[in-house]
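Below is one structure; the comments refer to it alone.
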Amino acid sequence: MKKSTASKPAYSRPITRAPRSLVENGRINFGTFSTDFETVNPLDAVRVFGVPVPRFAKFMRLKEWQAYQLGNSDCFILVVLYNQKAGLLTQFIFFDRIKRTAFKYEKIVPAWKTTMPASLADSRACYESGGYRIDYHNRLKHGMLYIDVAFRSRRGLPDLYGHFEALHGARGVRPLVVSLPLGENRGMYSHKCLMPMQGSLCVGDRTIEFRDDDSFAIIDAHKGYYPYILKYDWVTGVITGRKRGLAGFNLTDNQARDPERYNENCLWSDGELHLLPPIRFDRPDGPDGEWLIRDGYGMVDLVFTPVMPNVIKMNLLIAETDYHGPFGSFRGVIRPRNGAKVPVDGFFGMGEQKYLRG
């Protein structure tokens, strides 16, 4: 039974323009921001672990990734470069929502095989080897983000080539940038944004064209000084089409301190960004069953139903990964503080239950 929220005041938290740099005078700027930092410099933070440590030691503890969810009403795509310093995970998954078929291209390689960019303003991140390529060209200062992928046929998978253009500078696009405290001067930075997308994808002898009036991209650029044991729950969902428009959400329950003030929960709808309160996940039947996602203010009440599993499990003694990242559908409702109630039936996306030791 849901608890009554009648006595709770309306939820809000401040959102401002970002300072010039993530770290200034050795201190991390924490908060929720409507713009990105010109300089994303977590390695300049001092005493991130309570005592002075060499810059290289901070670099080795900094988890970094740049990921995208892409697609339209017929397909959903995940593309990831994730550097956890113990290794680099590269992954591309194409899921056909109509046929319920998927193609997954994945490699785990040494961490030094690519360098994650310091900012999205004008940078590149790429992994390429033996007919396998994921290539990001970040041109945020021009309002554009480019994703190129190419995979030669292997292990029963078809040739696949794609070029995607995420329109970060399009009208009505509202990024969410957060810097959340994980300790006294230790934190995580994330840039998330739902935006129109255009491009094309060739899967074997099939070509899919993406138009900016019915296709989407969501970016998740991330850097964090997570503890030795990293845990979080996360979902994102989106709906698009010329009749419905573009709407989506990002909901996370992570290890940030004071989540009432510091979280990355939001709804994008009708060209507006709505901030949402802390949320909690319940999986009564485990990660393969339904996920229940709710808050304490009566603003978020969702059910996520996985339709395609995505599991990574590794135990290397000094490091361990237990990851569930299924694709699936949503039902329920989000009630933003200053906006109309948004039913999410028909939204599609993915979730993560992540445990990482290392």
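The values are calculated or read from the model by the stated rules, or taken from the named source; none is laboratory data. Fair warning: this is a prediction, and the values are worked out from it, not measured in the lab. Cβ atoms come from the backbone with ideal geometry, glycine included; neighbour counts cover every protein chain shown. For accessibility, only protein heavy atoms count, side chains too; no ligands or nucleic acids. Shrake-Rupley method; radii C 1.70, N 1.55, O 1.52, S 1.80 Å.
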Looking at segment 307-328, is at least one residue under 24 Å from residue 95 (Cβ atoms), among the polar types (S, T, N, Q) and touching a strand residue (DSSP E or B) at 6+ places or on another chain (Cβ under 8 Å)? yes
Within 24 Å of residue 197 (Cα to Cα), open to solvent by 10 Å² or more (accessible area, probe 1.4 Å) and either under 18 Å from the mean Cα position of the chain (by Cα) or without any contact (Cβ under 8 Å) to a residue 24 or more places away in the chain (or both): does that describe residue 145? no
Of 302, 292, 356, the only residue that is among the hydrophobic types (A, V, I, L, M, F, W, C), within 25 Å of residue 30 (Cβ to Cβ) and open to solvent by less than 50 Å² (accessible area, probe 1.4 Å) is 356
Residues that are of a type in the set (Phe, Trp, Tyr) and crowded, with 20+ Cβ neighbours inside 10 Å, drawn from segment 305-325: none
Can you find a residue that is within 18 Å of residue 160 (Cα to Cα) and in contact with a Ser or Thr (Cβ under 8 Å, 6 or more places away or on another chain) anywhere in segment 109-124? no
Among the strands (runs of 3 or more DSSP E) lying completely within segment 309-358, list those that include at least 3 residues that are within 18 Å of residue 76 (Cβ to Cβ). 327-334, 348-357
Do we find a residue being open to solvent by less than 30 Å² (accessible area, probe 1.4 Å), more than 18 Å from residue 149 (Cα to Cα) and of a type in the set (D, E, K, R) anywhere in segment 165-188? no
Looking at segment 113-125, I want the residues that are without any contact (Cβ under 8 Å) to a residue 24 or more places away in the chain and have a partner that is open to solvent by 80 Å² or more (accessible area, probe 1.4 Å) with Cβ atoms under 7 Å, at least 6 apart or on another chain. Which pairs are those? 122/141
Scanning segment 111-142 for residues that are hydrophobic (A, V, I, L, M, F, W, C) and surrounded by 13 or more Cβ atoms within 10 Å (Cβ to Cβ) gives 111, 116, 118, 120, 121, 125, 126, 134, 140
Filter segment 211-242 for residues that are over 24 Å from residue 275 (Cβ atoms) and open to solvent by 10 Å² or more (accessible area, probe 1.4 Å) and give the result. 211, 212, 213, 214, 227, 228, 229, 241, 242
Which condition does residue 171 not pass, out of (1) in contact with a Gly (Cβ under 6 Å, 6 or more places away or on another chain); (2) outside any strand (DSSP E or B), if it passes all the others? (1)
Tell me, which residue of segment 246-274 that is in contact with a Ser or Thr (Cβ under 8 Å, 6 or more places away or on another chain) and in a loop (DSSP other than H, G, I, E, B) is farthest from residue 341 (Cα to Cα)? 262
Which condition number does residue 90 fail, the rest of (1) among the β-branched types (Val, Ile, Thr); (2) touching a helix residue (DSSP H, G or I) at 6+ places or on another chain (Cβ under 9 Å); (3) open to solvent by 10 Å² or more (accessible area, probe 1.4 Å) being met? (3)
Just need a number here: residues in segment 88-112 that are free of Cβ contacts under 8 Å to residues at least 40 places away in the same chain and under 18 Å from residue 223 (Cβ atoms). 3
Is there a residue being open to solvent by 50 Å² or more (accessible area, probe 1.4 Å) and either free of Cβ contacts under 8 Å to residues at least 12 places away in the same chain or at positive phi (or both) anywhere in segment 56-71? yes
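Take the residues of segment 33-78 that are charged (D, E, K, R) and part of a loop (DSSP other than H, G, I, E, B): which is nearest to residue 185 (Cα to Cα)? Spell out the reasoning first.
As a first pass, look at segment 33-78 and keep what is charged (D, E, K, R): 36, 38, 44, 47, 55, 58, 61, 63-64, 74.
Filter again for part of a loop (DSSP other than H, G, I, E, B), leaving 36, 38, 47, 74.
Numbers: 36: 20, 38: 20, 47: 7, 74: 44 Å.
The residue in question is 47.
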